Structures are given as C-alpha cells and as structure tokens.
1. Show the residues, 5+ positions off or on another chain, whose built amide H is closer than 5 Å to the amide H of Glu208.
2. What are the ³J(HN,Hα) values, in whole Hz, obtained from phi via the Karplus relation 6.51 cos²θ - 1.76 cosθ + 1.60 with θ = phi - 60°, for each residue of the range 245-262 in sequence order, with x given for Gly and Pro?
3. Of the listed pairs Lys51/Lys278; Lys7/Lys361; Lys278/Lys357; Lys66/Lys206, which have alpha-carbon separations greater than 30 Å here?
4. In sequence order, what are the phi-derived ³J(HN,Hα) couplings for the range 122-129 according to the Karplus relation 6.51 cos²θ - 1.76 cosθ + 1.60 with θ = phi - 60°, rounded to whole Hz, with x for glycine and proline?
5. Could you work out how far the C-alpha centroid of the range 81-129 sits from that of the range 142-219, in angstrom?
6. Take the alpha carbon atoms of the range 89-245, find their radius of gyration, then divide it by 2.2 N^0.38 Å using N residues; give the quotient.
7. Set the Förster radius R0 to 45 Å, insert the Cβ-Cβ distance between Lys72 and Thr294 as r into 1/(1 + (r/R0)^6), and round the FRET efficiency to 0.05.
8. Which cross-chain or sequence-distant (5 or more) residues have an amide H under 5 Å from the amide H of Gln181, H modelled 1.01 Å from N in plane?
Amino acid sequence: MLFQDLKLIDPILKALSEEGYTTPTPIQAQSIPLVLERKDLLGCAQTGTGKTAAFSIPILQILSEKKSTERKRAIRCLIVTPTRELAIQIGESLQAYGKYTGLTSTVIFGGVNQSRQVTALQHGVDILVATPGRLIDLMNQRYISLSNIEIFVLDEADRMLDMGFIHDVKRLLVSLPPRRQSLFFSATMPPEILRLASTILHDPSKVEVTPVSSTAETIKQFMYFVDRGNKNDLLVDVLKDPKIKTCLVFTRTKHVADKVVKMLALHNIKAEAIHGNKSQNARQSALTNFKAQTTRILVATDIAARGIDVDNLEYVINYEIPNVPETYVHRIGRTGRAGANGTAFSFCDAEEKEYLKDIEKLISIKIPVIDDHAYPLMDHNPPKTIQGGRQQRSSSPRATSSAGSGRSGGSSNKPAGSASRRPSSGGSSSSSSSRSRNDGPPKKRW
C-alpha cells in the first residue's frame, strides 16, 4: 500500500513526497481511513510506529476541506500531549505535512515565557498542540477558547496518567464541545487508561498494530548484571566500542543524569543531559547537538525523553532499570524504529532484579545476559528496609560509592560493550521471542 491509496489530497501527497515518505506504517494504513470517515478512534501502538502521522495527516485533510474565512482563526483542533519535546515533534510534523494546505498551527508548553505563545494565539491558529499545564494556564487567562474544537486528540495517554495529568485532562473535557471527533492514542492500555478512554470516545473504532507492551523485533536486547558502584566503569567500557557513534542513556532521576554527564566528561566523552530541570533552550540545544552528532551521548530521564525523535539511533543504554515495566518498552523504542535495527543494553544491580522480573513478564521475553565483562555482580543480597512490621525491598536502589569502587573479576582489557558477545546460557539468558513482522518499513521513518 502507498499513501496514494489512502485517498489523500494532492497538497498533502506533495508534502509527503518531498519528505521522502511513500509507504504508510501499519497504524497509519489502518488509522487514516477511519479518521477521514470522522470516526472516534482508540489507537494502541508502541512508540516508533508512526502514531503522529496517523492522526496529523487526516486531521490536516479534514480541516483543509473547510478552511476558516475569519480574519482571526478559531482553534478547530486541539492535540494534547504530556511533554514539551513530544509537543514540538508533533508541531514539526504538522508543519511538514501541511505546508501546502494553508492551515496554521502552533505549539504551547510550560517552562518558557508565554509571550510568544500568546502572540501566536492572538493571530489565530487552526491547530493547537499543547501540554496540559500551560494549556490550562492560558485558558484561565482567557487567551484560549475551546468552544470551536472539531477534533480533539489525546496522545500518549498512559504517560499522561503516569505524570499526574489526569485531573487536567478531565478539566479540559468539560470545556470541549460535546459534538466533536476524538482520537485517543496510548502505547499501553491498562484498566485506568481504558476507563479514561470511555469518557472521551463515542463508539470508537480500535486500531492495535502490535501486542500491548511488546518490543520491536528489530531491537537486540542485552542485560549486564553489575554492582551499582561499578555502573560508571561499565558504561565507559561499553562506550569504548567504536561502533557506538551515538547513544541515548536513560536514568531514573535528574540528579543521576547530571552525575553521569560529569563522569563521562572526565573520560573525554562528550555528553549532555536532558531533563525537567533544564531550560527549554538548553533541552533543545542538547537534542539538536545529539541529532547532529556533535554530542555523542544524550543522558535523559523518562519524562524528558518521550518526545525524542532521532533518525537512525542505533543504541540505547538503561543505566538504571525502570521501576515501571512499560517504561522499558518506551525507552528501548527510541531505537529500532520503523523497521531499522537497534541495540539496547541494560545495567541491572541486585536491587533492580525485581524490576527486571516485571519487565520480562510484560514483554514475554527473557533478555539475554552478557556475563563476559569486567564488573560482574558480586553483591547478590541487597539490604531490606523494615516497613509496617514486614521486610520489604527498598523502593529505590541504595546509594553506593562512585565509579571505580568495588571492581572485581574479569580483565580490564576486555571491552564490555560488544553486542556480538554470546549471551550467557544460564539464568535470564534465553533468546528473544521468534515473533516476526511482515509489514514493510516506510521509505523514511516518521
């Protein structure tokens, strides 16, 4: 199937051709016709499958069929997404696909001065992309009215729930016209998300292109078991591999992200951090440098990384195992996108083994283990904390000394990061599942 087969108008087809896009991904092929038929849609797809184009292309076509003749255009479509980075990505996509439609769009988000955003709104826009906090703020200041909304999109709903935006979303729903088309997208569909969807959608069509919370078959996954105090040394060893031109490294907290960047600098490895404490300009600068490969390593927290969209990113490293299993899927989904190959390394210390069990249960895969490295796990019995009279695992990994402490076993001359090493045959080292994907990739990733 080609985009020409989806009954798209010439201005959009021309823009897609100029972007080098010819073949829709599965979610695009299924979603675009349904949205064009003005149906509500419940879309479940893992990150990297082309969700943004799946809703933005038909929205542009619907709105272009009846353009506003008012001098100041009222907002006709609202797209709500959890993070600044993802909002910017959606805005860029709308500009690219809609550049010949005559429609206008703008993006608003917090963390920056509102003056430019307000000016854009005062000039009038057809499509507004927004994060919940800034949207509610500008609505309260009466810069935004949602009374003319024809299409409402809630993107990355599961992350919206994780970040505590559920109450803001419910406030928005009250302000939306009852007669509208609603599109709801989420990478996972836990019960809370399905309940939220039921309050937004009316008799929706459902599109689910992959099993819930699955990982792409094109991503090679490997696990290192390592003491927490040796993770810095292991990271440096892995990054000695010349095949790793650029790499996205995940941490759970902003503090650890900054520490990793400083540590890598001591080893002459150019790295920058991207997280919520960074200014918007700093975050965009770091992302731009990473895309241009002037920065080799980008260290990110989960919330900041949701909107990271980098062509041909081949390597992801989980410096810390996420404590929410779905987050693992989102993280490694930054690579191996749209049929491309990718590799994900994960560093697991003793206290994170419980997180690993949850991840492997979710993805139905035993992640192969690399045990031929210089920093094997020695502390197999992390301390417990006493809560409520019962022994429980502490809620976060215990603090240990920084890089270089507790080094044990192995040869320092062996590179730790070679993905070609044969995984261990014991423990969690069975091969990944044999599911296959027959859908051809698009000419260029979305």
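Values in this text are rule-based calculations from the coordinates and carry no lab data. It should be emphasised that the depicted structure is a prediction, and the values quoted were computed from it without experimental measurement. Cβ sites come from the backbone with ideal geometry, for glycine too, and all protein chains shown count toward neighbours.
1. Those qualifying (amide H under 5 Å, at least 5 residues apart or on another chain) are Cys44.
2. Karplus-based 3J(HN,Hα) across the range 245-262 equals 6, 9, 7, 9, 10, 9, 10, 7, 10, 5, 4, 5, 4, 5, 5, 5, 4, 5 Hz.
3. Numbers: Lys51/Lys278 27 Å; Lys7/Lys361 41 Å; Lys278/Lys357 33 Å; Lys66/Lys206 27 Å.
Long pairs (Cα-Cα over 30 Å): Lys7/Lys361; Lys278/Lys357.
4. After applying 6.51 cos²θ - 1.76 cosθ + 1.60, I find 5, 6, x, 9, 7, 10, 10, 10 Hz.
5. For the range 81-129 versus the range 142-219, the Cα centre distance is 19 Å.
6. Numbers: Rg = 20.5 Å, N = 157, 2.2 N^0.38 = 15.0 Å.
With N residues counted in the range 89-245, Rg over 2.2 N^0.38 Å equals 1.36.
7. Working: r = 41 Å, r/R0 = 0.92.
FRET efficiency, Lys72 to Thr294: 0.65.
8. Ile151, Phe152
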